[in-house]
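These notes are about the structure you will find just below.
The values are calculated or read from the model by the stated rules, or taken from the named source; none is laboratory data. This one's a predicted model, so the numbers in the text were calculated from it and none came from an experiment. Please note: Cβ atoms are built from the backbone with ideal geometry, for glycine as well, and neighbour counts cover all protein chains shown. Please note that ligands, DNA and RNA were not included when accessible areas were found on the heavy atoms of the full protein model with its side chains. Shrake-Rupley method; radii C 1.70, N 1.55, O 1.52, S 1.80 Å.
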Amino acid sequence: MQTFYWTEQQLVQAVNGEQLNPEVGARTFDKVSTDSRQVDAQTLFIALRGENFDAHQFLAQVVTAGAAVLLIAERSAWEALSVRLPLAQQPAVILVADTRLALADFARWHRRQMPLKKLIAVTGSNGKTTTKTLLAQVFARAGKTLATVGNLNNDFGVPRTLLCLRPDDEYAIIEMGANHRGEIRYLTQIAEPDITVITNVAGAHLEGFGSLQGVIETKGEIIEGLKPESGVAIFNADMPGLDFWLEKAQTLGIEQVKLFAIEQLSVPYPALPRVTYSAVHTQNAAIQFELQAEQQAAVSVQMPVLGEHNAMNAAAVCQVALSAGLAMPQILAALQAFSGVPGRLQQTQIDCGLLLDDSYNANPESVKAGLASLAALPGCSIACLGAMAELGEYSAAGHREVAEFAAKIGIDALLVYGEAAQPMAPIFLQALEANGCLDGQQSAAFSEHAALNEHLTHLLAQWMQQRGTPINILVKGSRSSRMEQVVQFLSARH
Ligand code: ATP
Ligand code: UDP
Ligand code: MG
């Protein structure tokens, strides 16, 4: 039998489990799966209970696929199966009280074995994936770096990512997301980071938190995983949560607290090291700004991406990387080579102008950031916005706020998709009219992507004929609005 990375004995110890069939002898594995459809002879299968399925019902299938080890929480499910199975065909079977917690325990145990130089945990309402991707590119220049793949940032994704660590990894960048209080605490206590960073707080996922204070407190949980003597807590000094986080860091005895902030707005916290970023200029579809770290000369940065918020993300990244001992030239080189994350304000040239694909997700703050980037481009602007989900009772006000903002900053056309977004079309025109600026702008609301796409085709044909300027288009919406269907449609227009 081939030998893989972990032994079932290590797993038993890490999760404090009971091996139900020790007579099968030693088993090893190097893959962890929670999906019965993705199992082979190298796999530990963990049976989780979800909203739709209890994976204990798939044990027979998993055994047939040759899984090396099973981790289960239901003794009877294995007993029913084992009576029909000769020993030679049995995986090692380990019983625990709760398989979700056992996955966390195993990931924590594994992380502790790894001789990493630094593990960095990133949370915030917006910008986690962007900051994580930037950090991964910066740290890759300093040593072998593992980062969260895609958006695997929850109670399942974080342990899975940690289990991908191997002894030659030097740095790990772990994204942590939350819909509810307590989730970031759970994740940070698994990952035990050396450095944590909170990118920002905004009204994201208000439904699960109740209020902005709820969001602030939940993001603040990330520092609970730091070791007080050696850990570094990094905060965005321009966020309303700063006082709360500073007090919490003090209560926990965290010795190293650092900040990043916008140059002209930040309040003085002289005792804390900070990285500041200057106002942003957008030119040739790139952002330009300055970064200044304590006691270092300011450096000028040009990043080939859009969005003023990316200067904020860059400042966060710079503070993290400096705290980990990296040097400014290394950091700067990686920032300047960054070309964005798919679906997050990524730009493509199409026949009429620039297409800004920000279709990955949305909340009022990130939509406003996207609209501001669109408005900063030379030419005219069309915003295709899908409904924003998970806003709870703030939904109507949030959609109104965005429509009024679009009018205020001079967007030329607003096309909206989805039920909650329907009122935005008339609000946009009313706001323009109220300000005496209604002059050829237009808006329309749709309940089908195809209808929006068709409208867009006619509008572009008309404007390309009438107007001699580029026509830039922003596409954005919550995941559930599936605005990538508009992006795909427009991408065909090279
Ligand atoms: P999720 O909670 O879905 O994982 P996230 O926090 O990982 O989101 P990103 O995927 O990096 O965030 O970006 C999501 C959106 O937020 C994008 O539309 C991006 O343009 C915008 N954004 C990125 N960084 C910031 C920031 N610092 N402030 C405000 N908006 C931002
Ligand atoms: N599952 C599985 N095989 C299947 C369907 C589901 O192993 O054919 C697993 C799935 O990967 C998850 C668990 O069963 O770990 C619970 O599934 P559910 O869809 O309820 O989970 P959710 O993703 O909603 O938490
Ligand atoms: Mg993300």
- By residue number, the members of the stretch 76-106 that are open to solvent by 20 Å² or more (accessible area, probe 1.4 Å), more than 16 Å from ligand 2 (Cβ to nearest atom) and either touching a Lys or Arg at 6+ places or on another chain (Cβ under 6 Å) or under 23 Å from residue 156 (Cα atoms) (or both) are 95, 97, 105
- Determine whether the stretch 422-434 contains at least one residue that is in a helix (DSSP H, G or I), over 23 Å from residue 453 (Cα atoms) and within 26 Å of the chain's Cα centre (by Cα). no
- Task: Go through the stretch 398-455 and give me each residue that's more than 16 Å from residue 388 (Cα to Cα) and of a type in the set (Ser, Thr, Tyr).
- Result: 443
- Task: For the stretch 192-202, indicate whether the set of residues that are open to solvent by 10 Å² or more (accessible area, probe 1.4 Å), farther than 24 Å from residue 5 by Cα and of a type outside the set (A, V, I, L, M, F, W, C) is non-empty.
- Result: yes
- Query: Can you tell me which residues in the stretch 340-391 are more than 16 Å from ligand 3 (Cβ to nearest atom), within 29 Å of residue 209 (Cα to Cα) and among the hydroxyl-bearing types (Ser, Thr, Tyr)?
  - Reply: 373
- Matching entry among 271, 314, 261, 285 (being surrounded by fewer than 16 Cβ atoms within 10 Å (Cβ to Cβ) and aliphatic (A, V, I, L, M)): 271
- Tally, over the stretch 129-160, of residues that are open to solvent by less than 10 Å² (accessible area, probe 1.4 Å) and within 16 Å of ligand 2 (Cβ to nearest atom): 3
- From 161, 148, 130, residue being among the β-branched types (Val, Ile, Thr), within 15 Å of ligand 3 (Cβ to nearest atom) and in contact (Cβ under 8 Å) with a residue 60 or more places away in the chain: 130
- Query: Could you list, in sequence order, the residues of the stretch 374-396 that are part of a helix (DSSP H, G or I), open to solvent by 10 Å² or more (accessible area, probe 1.4 Å) and over 19 Å from residue 480 (Cα atoms)?
  - Reply: 375
- Message: For the list (1) touching a Phe, Trp or Tyr at 6+ places or on another chain (Cβ under 7 Å); (2) in contact (Cβ under 8 Å) with a residue 60 or more places away in the chain, I need the number of the one condition that residue 143 fails.
- Response: (2)
- Message: If the requirement is being closer than 27 Å to residue 369 by Cα and surrounded by fewer than 18 Cβ atoms within 10 Å (Cβ to Cβ), which of these qualifies: 221, 207?
- Response: 207
- Inspect all residues belonging to the stretch 290-298 and state whether any of them is touching a His at 6+ places or on another chain (Cβ under 9 Å) and either within 16 Å of ligand 1 (Cβ to nearest atom) or at pLDDT below 95 (or both). no
